[in-house]
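Report on one structure; see the data block that follows.
The values are calculated or read from the model by the stated rules, or taken from the named source; none is laboratory data. Keep in mind that this is a model prediction, so the values were computed, not measured. Cβ placement follows ideal geometry from the backbone for every residue including glycine, while neighbour counts extend to all protein chains displayed.
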Amino acid sequence: MEHIDPILVDDDDDDASDASSVTIDNDPDKLYFLRETSRTTTPCFSLPPREVVDLTHAETIYDGEETIYDGEYLTDECFEILREDWNRSLRLARSPAQVEPPTEKCLADVCVDGIVYKPGQSVELYDETFLRIESVWEKPHREGGVFFKGRRLLKAKNHAGTYIPRWHNELIWIANENTDIPLGIVKQFVPIYFTSHCYLSQDHKRVIRANDLFCRLKEVLKRETTSVEYLTYEEADVEYRVASTTLRQEWRGKTASFGSEGKSQALIVVLDEDENDHQSDTIIDQKIRRKYTFGDGFCGAGGVSCGADTAGMHIKWAFDLSPHAVATYRLNFLTAECEISDIFNFLTNNENYLRVDVTHGSPPCQTFSPAHTIASANDDNNSACIFSCGNLIRKAKPRVHTMEETSGLFERHKETFYGVIHDFIEIGYSVRWALLNCMEYGVPQSRKRLIIIASGPGETLPSLPQPTHGLPGSGLCDLATIDQVISNIPPGTAGHDIEGARSRAAQAWRVPFDANQQARTITCGGGENNYHPSGQRGFTNREFACLQTFPLGFQFGPREVRKQIGNAVPPLLAKAIYAEIIRSLQETDERELRDNRHQTASRGIEGCQPTVTFSAKKR
């Protein structure tokens, strides 16, 4: 801090100190001396000595000329306060001045050592990662001064996750990485091309630029979910964009907007003055009339199909190897074709039959379950089935595929899990996954499940559903409880044999518990310590079904009912997932339909043709 010499002030007052000083407004003496005289004060960093008066000296007290009046001395308490104030003033005077940090500035470009850096350029860093510069910043208060922000990338072969294909000269954009990059760690400029093309083997520009770096994948890491997504049309470089409609057409052929199930109405010409109104009416009408088609692999009793049907999908086909599960399925989904078959035989059906908008696969998961501690004869077959969903995708070519598995696949068998994700990505599908707790979606049991959503070429990757139920204060519905779902089962309901349950538990009385809580995870045998809150019996099959959120009208076949219930995906969880998928698909179809009509109208104007709008309104 620059030193400033005191300003000398002359004062003719006889009582003034001989040591001249700067007069300051916050003189501590003013707080304690009631009788002010004309005087100069002392700067806080140079205090003159004061005369010490002996108050016990009799002459001092009683001599008329030397008498000390009230206000001309300090009590001990006031002196201590004054001393503390002076010390505080000294500390402030010695402390460095508080300087405002220089303002950060976003620059259009920057020239350093004759080299110009600007947004749009791509650089390699000394740590063998890469950056597409999106903004240039001047930060004078930080070492180096010049920093970049943008898309952080690394080579696919260097990615720690084995779910990323090790493609040559391909980069992965780590979308959550937004650390400032100092100029000092930039190694060199490199050409990097961002493309929305999903098919590496069919990307002709990639073939032409075989030695250059391409990016077509981004990884998004969040607290609860992870996704690996192909770049969208907007995220790709202009010359490397491929329209989503083109990608979808190349992958699966013609696709009906708003679902493959439903009748299209006759097209008529609508005057352009009503164009927007008729477009909205047409879209709303199609959303109502059409449905996305659904295929359910390893369907079991039909928990997933039940949720998808309730959400608004049309169930086209299903298959399962268990004849007992198929018998139950056929009782509840009369319009769907359900085969007793393994996946490999089922996929021998022709592709037109297999083609649906959305597919699901829940391969047998006992091998990967946390409860599976002893090897069984079916482990190898079950492990092979886990990869069969890739074959299902290749044949059915769905717009969206879902997969549900035990949490153990993610928590205890990561290499197998990563292999499944790797397979989906290589086919050309974006993938999102997370562990969901069923109780957050209205299911009255603590049940964690691994949910995978994959979207095909040209499709938006749907989000996972937001929780609908939570603890008090969360703003969500209260968590569903055992009592809420089993207390209203009508007497005589199929599978609700209370007396039979009591007789079976006559010798196994257990401790009662509060029914206003969630059940434990329901398994093929019912689940450990899963019994009726009374403690006098176990749950009936119907109670187990209600705890899995099957509707009361859902029918079960005569055999292996409890196993079917335990293996099922809770319908309420499935409903939440497919409602979100329907919303995403409809949003995509609506956007593309409006864009297509806008382009058609623009071409009509450019060609000086009368503007008309084709609308699917009834005549």
Requiring at least 3 residues that are of a type in the set (A, V, I, L, M), the strands (runs of 3 or more DSSP E) wholly within segment 143-197 are 146-155, 170-174
Okay, strands (runs of 3 or more DSSP E) sitting entirely in segment 307-414 with 2 or more residues that are at pLDDT below 95 and under 23 Å from K575 (Cα atoms), I get 400-406
Exactly one of N541, N530, N516 is free of Cβ contacts under 8 Å to residues at least 40 places away in the same chain and either surrounded by 18 or more Cβ atoms within 10 Å (Cβ to Cβ) or among the hydrophobic types (A, V, I, L, M, F, W, C) (or both), and that residue is N530
The condition from (1) more than 30 Å from R520 (Cα to Cα); (2) at pLDDT 90 or above that N541 misses is numbered (1)
Across segment 185-210, the tally of residues that are under 30 Å from P140 (Cβ atoms) and either surrounded by 12 or more Cβ atoms within 10 Å (Cβ to Cβ) or of a type in the set (D, E) (or both) stands at 6
Regarding segment 478-491, can at least one residue be identified that is in contact (Cβ under 8 Å) with a residue 12 or more places away in the chain and on the phi > 0 side of the Ramachandran plot? no
- Taking T162 as the residue in question, decide whether it is surrounded by fewer than 20 Cβ atoms within 10 Å (Cβ to Cβ) and in contact with a strand residue (DSSP E or B) (Cβ under 8 Å, 6 or more places away or on another chain). no
Condition set surrounded by fewer than 20 Cβ atoms within 10 Å (Cβ to Cβ) and in a loop (DSSP other than H, G, I, E, B), scope segment 438-463, selection modelled with the lowest pLDDT: answer is S446
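Per-residue answers, yes or no, for (1) in a loop (DSSP other than H, G, I, E, B); (2) in the same structural domain as S446 (by TED's automatic domain parsing); (3) among the hydrophobic types (A, V, I, L, M, F, W, C):
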site: R510; (1), (2), (3): yes, no, no
site: F513; (1), (2), (3): yes, no, yes
site: T521; (1), (2), (3): yes, no, no
site: C524; (1), (2), (3): yes, no, yes
site: G527; (1), (2), (3): yes, no, no
site: R537; (1), (2), (3): yes, no, no
site: R542; (1), (2), (3): no, no, no
site: I565; (1), (2), (3): no, no, yes
site: A579; (1), (2), (3): no, yes, yes
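Just to be sure I understand, how many residues within segment 240-278 are out of contact with any strand residue (DSSP E or B) (no Cβ under 7 Å at 6 or more places or on another chain) and modelled with pLDDT under 90? Lay out the reasoning, then the answer.
Taking segment 240-278 first, the residues out of contact with any strand residue (DSSP E or B) (no Cβ under 7 Å at 6 or more places or on another chain) are 241-258, 263-266, 271, 273-274, 276-277.
Then drop every residue that is not modelled with pLDDT under 90, which leaves 263-266, 271, 273-274, 276-277.
Count: 9.
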Scanning segment 127-139 for residues that are touching a Gly at 6+ places or on another chain (Cβ under 9 Å) and in a loop (DSSP other than H, G, I, E, B) gives K139
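Just name the residue that is farthest from P140 (Cα to Cα) out of those in segment 105-122 that are assigned to a strand (DSSP E or B) and in contact (Cβ under 8 Å) with a residue 12 or more places away in the chain.
Initially, segment 105-122 is screened for residues assigned to a strand (DSSP E or B), giving 105-107, 110-112, 115-117, 122.
Checking which are in contact (Cβ under 8 Å) with a residue 12 or more places away in the chain leaves us with 105-107, 110, 112, 117, 122.
Values: K105: 9, C106: 12, L107: 13, V110: 14, V112: 15, Y117: 17, S122: 24 Å.
Here the answer is S122.
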